[in-house]
1. Please report, in whole Å³, the volume per residue of the convex hull around the C-alpha atoms of segment A:113-263.
2. So if I place +1 on the C-beta of Lys and Arg and -1 on the C-beta of Asp and Glu, and nothing else carries charge, what would the dipole magnitude of the protein assembly as shown be about its Cα centre? I want it in debye, nearest 20.
3. For the residues A:HIS90, A:HIS23, what sequence is obtained by ranking on other C-beta atoms within 10 Å, fewest first?
4. Given the convex hull over the Cα atoms of the protein assembly as shown, what projected area results after averaging over all orientations, in nm²?
5. I need the per residue convex hull volume for segment A:27-94, using only the alpha carbons, in cubic angstrom as a whole number.
6. ³J(HN,Hα) across segment B:3-20 via Karplus (A = 6.51, B = -1.76, C = 1.60, θ = phi - 60°), whole Hz, x for Gly/Pro?
7. Taking the dipole about the Cα centre of chain A, with the C-beta of Lys and Arg at +1 and of Asp and Glu at -1, give me whichever of A:ILE30, A:ASN97, A:ALA338 is farthest to the positive side.
8. Taking 7 Å along the Cα-to-C-beta vector as the label spot, tell me the A:LYS74-A:ARG221 distance in nanometres, rounded to one decimal.
Amino acid sequence: MSGSVRLERKKSSTLLNTLKRPHTVKKVRIPLTSGEETLMFPAVKNGDVIERGAKIASPEGEQGSPLFSGIAGKVKLVERTKNGNMVCTHIEVTAPNDFCQTASVLPELRKDAEKLPCRELRSIFRERGLLTTDGRAEPLHKIISGSPSTIKTIVINGCEPEPYVTSEQVLMTSYPTEVLRGAEILRRAAEAEKVIFLIEDAERELFELIKSKIYLLKWDRFEAQKVPAIYPMGTDNFLPGQLSINSAVLNASTAYAAYEAVYLHKPFFERVVTVGGECVAEPRNLWLPLGISIRDALQLCKGLLREPAKLIVGGPMKGVAQKDGEGVVMAGTDAVLALPKEIAGESAEKPCIRCNRCVDACPVFLSPVMITLAAEKNSFEVSREWNVEACIECGLCSFVCPSKRPMLELIAKAKKGIATGS
Amino acid sequence: MTAYSVASAPHIRSADSVARYFWMKSAALFPVLAAVIWTGGGDFMRMLVLSAGGSLGFEWLSRGFSRKKTTLLNGDTFLTGLTLALILPERAPLPYVLIAVFMAVVVVRECFGGTGNYIVHPAIFGRVFLDAVFPVSAGSPVLFRCAAELPVFAAIVLSAVFFLAQRRIYFETLFYYITIYLLAAFMLGGGSKILMHAGVAVFTAFFLVTDPVVLPLTRQGTNVFALLAAFFAGVLGLWYPAVTAVCYSILIMNMFVPWINDRMRPGSRRGI
């Protein structure tokens, strides 16, 4: 199929081990941002001792979402000087060794959840700090609180076309009913007409599971659809045909978080993350509190087998390489990968041989070769003529390029050049 | 923890490489080379050594003079040498062969920046240069003369199958080229030599037309390139030997590539 590539999936290693919620996390470090750059104010003081799930920061105004701590422990505010004032940039919560992080007693299941009006559901989303668990990491109540006529369909995106990443798949397999109930909550909150679950054709068992659950629940507004397991289908809500029109595209993990917020009164402070890659001793999916460092996440999987060439937050196609293990897991983090040199090592760049691979692979029908050849010469106006602004930066052109040219870097350079008018 | 690479995404790459492309294409030519050695004997062996060795030598010297890192290992120059050997007459005198190799490697490849930067097919340019400047020396090569002989024809088809299996080329481009070429040859009176034309068409479609560096940058553009190249080859075949017609037609179409690229952009049907 033109405009896409079936990548090697490499998912089996993380699926061998079951989903686990570690209780040995000793420290989280949460940046004070909530999706977009909304101003956040600490709701705790230096030295406060807090419970798991305690509110630690509140947003300014109605747009942002509050932040909650994923562990119990002692608070430390990290501050720095900005414009002459001390501004809190991070909140650290550290659990002393004698602190027990085991799950607190489960709250009682809310009985009237199915009768709550949409306004109240949205208010719960805001109060519980729900963020979308995709790359956007935006407050959920903002996404679905548009005028009711605009969102006709809630699309639950179960596609994970990037190799290694299985967090959505594992969550849907482990908690299918909860995900479905969460999707129904999202539908009612958005006043949408129907819910479509998108599952990759490579995950036949998951597709059958979701279909059977829909059948058992007798929810005729729900349907499950198969989509080809090709990259970049599903990433950053890139979907086929008409699916994205008048739809809110959300991940299955967002639906699960909505279920927990409404039925279990649980704030959003943790998510399922795939910790994998060839260098990880025991690759698996983990429930990780937001703010846990990559180094600690890797330690929870028994550490590294060997020194990786790259530490990546996100998938290998679109993830961000980290210079060390100090980066933290956030709402949009679906994976933490440690990849060895033979997989993620850098190759020497060769001249373009105009093989057309990038043109054939581009899912939005651009000519990456023309755009990047112009960008190399700083001819950003030529890049613009070749429609560089329509690029979704999926990275397929770089992936398929036999010359190993840094296509995505050049595309970003062209976009920046156009934006700055240079 | 140590500091890791923070290069931008994607962090994984396909296993494909430039060297693999050129070496695999050279490897696909093995049946043709074997058949032509069997048919052309020592003369062709001499031509092969001169052309391939000369190409590598000229590149090495040229890169040495300009103090650039050699690119011999990527296989591009070697493939140019092989292709040139197959389209030059096997008994061409040594100086003429060296002139053709020099034009192909030094003038067309290196002066334009080496692999990926030339604007016309180097081997074809070398052959056409010889044709134009020293017409006496440039007869038909053994491959084109004997394309109708069963072993040579079978070898051409086998090489084509090997190259097709590498999935480097659009199937319909080959189909268009071969169909139009044979149709033109048949309509213009070449019916009696149809097997020879078939062999030439298959070899040209697979190994001369499909040099990516000088092809248009879209599928549609490549198809238009092949259609017009086949048409020109058929028409020129009325007056010139097959090899000359084929080489000139490809060179003519190389000139149209920037125009095709501009008119036929991906996802648009402009200009079709």
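We did not get these values from a lab; they are worked out from the coordinates using the rules stated. Source: prediction; values computed, not measured. For neighbour counting, all protein chains shown are included, and Cβ atoms are generated from backbone atoms with ideal geometry for every residue, glycine included.
1. 99
2. Details: 76 positive and 62 negative charges, 69 e Å.
Computed charge dipole of the protein assembly as shown: roughly 340 debye.
3. Numbers: A:HIS90 18, A:HIS23 11.
Listing A:HIS90, A:HIS23 from fewest to most nearby Cβ atoms yields A:HIS23, A:HIS90.
4. Values: hull surface 144.9 nm².
Here the figure is 36.2 nm², rounded to one decimal.
5. On the way: hull volume 5.3 nm³, N = 68.
Dividing the Cα hull volume of segment A:27-94 by its residues yields 77 Å³.
6. Once rounded to whole Hz, the list reads 7, 9, 5, 10, 4, 6, 5, x, 9, 10, 10, 5, 6, 5, 8, 4, 4, 4.
7. Most positive-ward Cα: A:ASN97.
8. Computed distance between label sites A:LYS74 and A:ARG221 equals 5.0 nm.
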